[in-house]
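Written out below as structure tokens is the structure these notes cover.
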Amino acid sequence: MRAAVLEAGRFRVREHPDPVPGPGQALVATEACGICGSDLSAVAHTEEFLRASRDSAATSFLFDPDRPLVMGHEFSGRVLAHGPGATGPEPGTGVVGLPWAVDPGGVVRTVGYSNAFPGGFGERIVVQAQALLPVPPSLDLALAALTEPLAVGFGNIARSAAGKDTPAVVVNCVGVPGLLNQLLHTVPRGTEILQIGGVMTEDVIRPVAGIYKDVTIRMCLTYPPEEFGATLARLADGRVDPGSLVTGEAGSGGLDAAFASLRRPEEHIKVLIRPGREGTGVVAR
């Protein structure tokens, strides 16, 4: 298959071995794949990203940086085939899914952060078939790729005190060193800080500033699986407009340009990668 392969910190479009679905898995043709902030961090701070995974025993995010890697976990696509014993949406169905695949040793891997399970910056993906959900006809299949990142937002807000009798909930979605410490000094008394953005380097905070103000810090990674389907329903019935968030699209050859533009937030908010598209730039949407 054709894929954008990360090698030595740059993406190169070339032929990559087709993934083969194992027991309980499905093969999906990628329609679109979003670029996550975690992808930006994993490329810019690869060693720190992997060290954090090892230190926290997060085996689902471990990969060998010296081997080819096809990233991308915010995907949508169409089912091509099933592996042995798999049950899920039939071939031809437009789907989104939790980016999970179980390796032969029984370890759950995150698609796009595994050398063995290429992600949506390539033409094909293998995931667990039961992790896939059909995309309703009312929702554009490419825009359905925003289900995963929006589920992170909805799921983590649901874990917070937002909407309850608390003075404030502050959501920190950026991985900027020093910002958490700044928030400790500036938020109102009793605030809950929801820390979703991952700082890849060491950071320094002054805990007493938060202690004196009874501040709660909640660290968040992901969402309960049921939030994925709930988010897809929000997009399908129009409660959330995913198109309003997508500011650009690029083909596989435009990944370096897309990553660079997303590090300049005045240029783009969300860029979708369309593996079948030609060119090396980002096209405004």
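The values are calculated or read from the model by the stated rules, or taken from the named source; none is laboratory data. Not measured: the values here are computed from a predicted model. In this analysis, Cβ positions are derived from the backbone assuming ideal geometry, glycine residues included, and neighbour counts consider all displayed protein chains. Accessible surface is based on the protein model in full, side chains and every heavy atom, while ligands, DNA and RNA are left aside. Shrake-Rupley method; radii C 1.70, N 1.55, O 1.52, S 1.80 Å.
Stretched out straight at 0.36 nm per residue, the stretch from Asp203 to His185 would grow longer than its current Cα-Cα span by 5.0 nm. Length gained on full extension, Val283 to Ala236: 14.4 nm, using 0.36 nm per residue less the C-alpha separation. Along the Cα-to-Cβ line of Thr87, 7 Å from the Cα, sits a label point; which residues in the range 126-143 have backbone N less than 15 Å from it? Residues 129-132 fall inside that zone. Projected onto its three principal axes, the C-alpha set of the range 215-285 covers 42, 35, 20 Å, listed from the longest axis down.
Distances between placed amide hydrogens fall under 5 Å for Arg124 paired with Thr30, all partners being 5 or more residues away or on another chain. Peptides 34-41, 132-139, 227-234 ordered by packing proxy, namely the average of other Cβ atoms within 10 Å per residue, highest first: 34-41, 227-234, 132-139.
For the range 271-285, the residues whose backbone nitrogen is under 18 Å from a point 7 Å from the Cα of Leu141, taken along Cα to Cβ, are 272-278.
Modelled this way, with points 7 Å down the Cα-to-C-beta line, the labels at Gln130 and Thr247 are 4.0 nm from one another.
With the charge dipole of the chain set up from +1 on Lys and Arg Cβ and -1 on Asp and Glu Cβ about the Cα centre, the Cα lying farthest toward the positive end among the listed residues Ala116, Ile157, Gly281 is that of Ile157.
Say a paramagnetic label sat at a point 7 Å from the Cα of Thr59, along Cα to Cβ; which residues of the range 14-34 have their backbone N under 20 Å from it? Of the residues in the range 14-34, 22-25 have backbone N under 20 Å from the label point off Thr59.
Could you give the dipole magnitude of the chain about its Cα centre, charging the beta-carbon of Lys and Arg +1 and that of Asp and Glu -1, in debye to the nearest 20?
The dipole of the chain has a size of about 280 debye.
Coordinate range of the alpha-carbon atoms in the range 120-184 per principal axis, descending: 44, 29, 22 Å. For Leu27, what is the net charge nearby, where nearby means another residue's Cβ is under 15 Å from its Cβ and Lys, Arg count +1, Asp, Glu -1? Neighbour charge sum, excluding Leu27 itself: -2. Looking at the chain, the accessible area is 46 square angstrom per residue; that uses a 1.4 Å probe and ignores ligands, DNA and RNA. The accessible surface of the range 1-126, taken with every protein chain in place and a 1.4 Å probe, is 53 percent carbon and sulfur.
Ordering Tyr113, Tyr212 by accessible surface, largest first, gives Tyr212, Tyr113; the 1.4 Å probe counts only protein heavy atoms, with every chain in place.
Per-residue ellipticity at 222 nm from helix content only, as computed over the chain with -39500 (n - 2.57) for each DSSP H run of at least four residues, stands at -6500 deg cm²/dmol.
Run the accessible area of the range 143-285 with a 1.4 Å probe and give the carbon-and-sulfur part as a rounded percent. Reported share for carbon and sulfur atoms: 58 percent.
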